[in-house]
Amino acid sequence: MNNSAFNVPTAISSLPTLISSIDLSTVSDDTHLRDLLRSIRTCQRSLDGLAMKVVSRADQLESRGSGVSGLDISLDLGQVSAQQARTETKRSKTIVAIPSLLEAVVSGDTSSEHVDSVAKHFNKLTDEQKNRLDQAEIVEAATSMPADTFNNHMKRVVDKIRDDYGLKDTVEKQKASEFRHWFNKKTGMGVFSGQLDPIRYEAFSNAIDAHTNTLAITTTKSDGKTDKKTISKDPNLAASALFELVTSSRSIKQRLPHISVIVDQKTLETGCHQNSVRQTAIGTELPPETIERLCCDSVLQKVVHDNKNIPINVGRKYRTATDAQWTAIKSIYTECAWSNCDRRLNWCQLHHIKEWETGGPTNLNNLVPLCSQHHHKVHEGKWTIKLKPDRTLKIWKPDGKHWTITDPPTREPNQKFKNTVDSGIGEISSSNMKDPGIDETGIDEKRDSGIGAVEDSQVDETNFGETKDPCLQLI
């Protein structure tokens, strides 16, 4: 074999020099930075695809006795960790099984994260089950879904082939749960480490979050007046909450674990179907057997959705969101509503699009969950947001330029959309937020027309009740 028959393409070898020559000091418009970063992401995907091809080819040569393995190639220069080298090896084996997936990565249409999701779930199948996979459908989903959504999609595909709706996976996670603790003599601190299956994790974290919220509110009395103040909810306060819960060092009322499970009515009544919604509040899917067990000792709380899958409103009766409204929000959101933010819903506050002080109702169509960072952006940072009827969120920067529009939140499976910039809108001034060609119904932060508001007289509050523990939310 002639080793000189192949030379590294100039486009690859000269890339570092080309990149180092790019001067960004003259860029004054962040739109250009966004365009550049989008192109960079595409190139990164293509380079990841090329790396998969290299590792795969090395494995082929090793199998013929004429080279070293792809893992050895990856580790050769010591520029990546052993973990990264093993990940690249797994990717190369995956694209051998699904060649069209490699083509999608090389073309920049999907990412190595999508390949990792395929590898993770692909390995749960037997050879016979792998042959039953619809490879074209997998590639189509990989190129049309965000990485997290695609990971959930692949889990459903594999669960369907295994014909157990995730039961085996759930049992495996229960067996993999563990807890360790030790004392670090160097730091003089106790250290804890572990992992829990989704159900126990949610019960555990909900208990800590709830008690942290309790500790965050301090009450003082002076001159016959009661003054409540909220202190910062930080990791140190969470540690105090955990200690008090475990040791009962305060007089803490014992309570059943709070576990929210979102299930559509058809699944609850007749069993799993193609579009079943059967998730914990943070979006982990559960097998029907687990849901049946939880139903044995749960309070069913009904959240009525309209024909567009949006929960109904409950009016201006309260300034802050009620437990019932939080229940409705949990039925569609798992995290912060801001574009591509992954802060979990329990760490968010419900923001009034039109402020309460200016007549804004505590309706669901005027409430959106935002994490602390993005809540501050809207208030102190002067960003502008509009909530559309389908709960897509349109976002403008402080200077009035349109930033992005989010995908509508949903727990329904197989949603094949990605967050994209609403590039057809262009720049929109703060004084004129009209979008040509787009329905302007919905509520606009700072400039509301009242469209979409629901009066108290229109509200049927019989569909809502107090949240009880544990809670099975029935959509």
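A short reminder: the numbers here are calculations on the coordinates, not readings from a lab. Only a predicted model underlies this, so the values are computations on that prediction, with no experimental measurement involved. Note that we place each Cβ from the backbone using ideal geometry, even for glycine, and neighbour counts take in every protein chain shown.
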Stretchable slack from Cys341 to Lys225, in nm (0.36 nm times residue separation minus alpha-carbon distance): 37.7 nm
Length added when fully stretched, Ser372-Lys185, from 0.36 nm per residue minus Cα-Cα: 63.8 nm
Inter-site label distance for Lys130 and Glu380 at 7 Å from Cα along Cβ, in nm: 5.3
DSSP-loop trypsin sites (Lys or Arg not before Pro) across the range 115-210, with at most 14 other Cβ within 10 angstrom: Arg132, Lys185, Lys186
Too-long pairs where the Cα-Cα distance tops 19 Å, listed order kept, from Lys93/Lys130; Lys233/Lys397; Lys155/Lys388; Lys229/Lys386; Lys120/Lys168: Lys233/Lys397; Lys155/Lys388; Lys229/Lys386
Sites Glu178 and Phe6 - FRET efficiency at Förster radius 56 Å, r taken between beta-carbons, to 0.05: 0.70
Alpha-carbon Rg with Dmax, taken over the range 176-247, Å: 16.3, 56
